[in-house]
1. For E184, E65, E71, E197, what ranking results if the residue with the fewest other Cβ atoms within 10 Å of its Cβ goes first?
2. How do M232, M151 line up, fewest other C-beta atoms within 10 Å first?
3. Please work out how many pairs of lysine residues in segment 25-249 are eight or more positions apart (or on different chains) and have Cα atoms closer than 28 angstrom.
4. Could you tell me the ratio Rg/Rh of segment 25-249? Both radii from Cα atoms, Rh via Kirkwood.
5. Between Q59 and Q47, what is the label-to-label distance in nm when each label sits 7 Å out along the Cα-to-Cβ direction?
6. State, to one decimal in nm, how far the label point of A28 lies from the label point of A172, with both points 7 Å from Cα in the Cβ direction.
7. How much net charge surrounds A172 when only the other residues with a Cβ under 13 Å from the Cβ of A172 are counted, with Lys and Arg +1 and Asp and Glu -1?
8. Please report the net charge: other residues with Cβ closer than 15 Å to the Cβ of W60, K and R +1, D and E -1.
Amino acid sequence: MKKIHMKRILTAIVFMSLCIYPFTGDAAVTLPWSCDFDSCVDWTYGQPLNCCGLSPGGQWGCDGETPAKYEQINSTGALGGSGKSQVHWVGAGDDDNSGGLLLDIAPSSQTNELWIRYYIKYQDGYEANTGYSKDLYINLGYPGTTIVSMMFADQIYITGGDSASCSGCGWASVFSDHQWHYVEVHLKFGAGDGVKELWIDGVKRINAQNINYGNSSYRFIQFHRIGSNQGMPTHSGCKARFYDSLAISTTGPIGPAGGPPPGAPQNILTD
Ligand SMILES: [Ca+2]
């Protein structure tokens, strides 16, 4: 009787373990793809995630507060009220942040040319004077990466092989107003025939042609991380970088979301 009882207890423990083990969702999506988070269940890293095929990023937390703050999906970023967004927590100094979200592209959809559209907003109180934030981290296949990086000295860089950048388009001129801004990136991978283009709020700010990504084999998107590490924020505690209305196209520019998130610029230009 005692043996049977123990077996039942062990079976129950195994069953409970399976129930609480985080479900990471389908790890690969096909293109085109989009996600406005609005129909996703509120989520904090460690909980089951079933949202647009996204997976949790690293198990990092922002240690600028106790307890640490982990990656979330909720409605705190949609001030004024409709819908949810991704909440990426960032602390002061170097690389104190929550883990971001991962998007894996199914092999059948991997491509050498794509457009990525996202809305981004820095929470009130988020401050930085120097350094950078890696807004999108795109893997081109081992070991190549390209990063869309906002520089607090008022630039945006697209790294990976020949870098491309704009000035007067970073923190001081655009993102320090703590409002939603809409960014679209066009990447065509290649060795000498590549392209890097970027629009902010519908205005083209980077137009770089004949780009060499460094190796002709880096010609497809494998996955990208939405929200990665950064350098030298100066605020105290943890402040959020919000992402919303993400979309990826392989056939042409996407343009602004049909209904921009609350707080987005009202005079968005369309191409
Ligand atoms: Ca949303």
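1. E65, E197, E184, E71
2. With the fewest neighbours first, M232, M151 line up as M232, M151.
3. Number of lysine pairs found: 20.
4. My calculation puts Rg/Rh at 0.94.
5. Placing both labels 7 Å beyond Cα along the Cβ direction yields 1.9 nm.
6. 4.6
7. With Lys, Arg at +1 and Asp, Glu at -1, the net is -3.
8. Overall, the nearby charge balance is -2.
Values in this text are rule-based calculations from the coordinates and carry no lab data. Owing to the predicted nature of the structure, the values given are computational and were not obtained by experimental measurement. Every residue, glycine among them, receives a Cβ derived from its backbone with ideal geometry; neighbour counts consider all protein chains shown.
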